[in-house]
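The structure appears below as structure tokens.
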Amino acid sequence: MTHGRRTGRGKTLEKARRMLPSFNSPDKSQKKKKKKKKKKKKKKKKKKKKKKKKKKEDDEEEEEEAQPRRSCGGERTAENRGVD
């Protein structure tokens, strides 16, 4: 087996052979690593979701305390102008 670059016609054949599932079937350690990575990703996603939910709740509380914002630009309605 040659390492490094292959030149000529054999290059594509070698590439195709390497792509075959029989050639690059993952062993148990690789499968374990993949499973661990997936689990970690799922945990991270869950944590992010929880953080987002908490932030949303905090924003809602803050919004209740804050005064209503006035529109800057946009449509000119009687409410925006302060006309009754």
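All of the numbers you see were taken from the coordinates with simple rules; none came from a lab. These numbers come from a predicted model, not from an experiment. All Cβ positions, even for glycine, are placed from backbone atoms using ideal geometry, and neighbour counts span all protein chains on display.
Quick notes on this one:
- Straight-line cross-link reach from K46 at under 18 Å between alpha-carbon atoms covers these lysines, not counting any fewer than eight positions away in the same chain: K35, K36, K37, K38, K54, K55, K56.
- Ranked list, fewest to most other Cβ atoms within 10 Å of each Cβ, for D27, D58: D27, D58
- Rounded to whole Å, the principal axis extents of the Cα atoms in segment 11-58 read 59, 24, 11, largest first.
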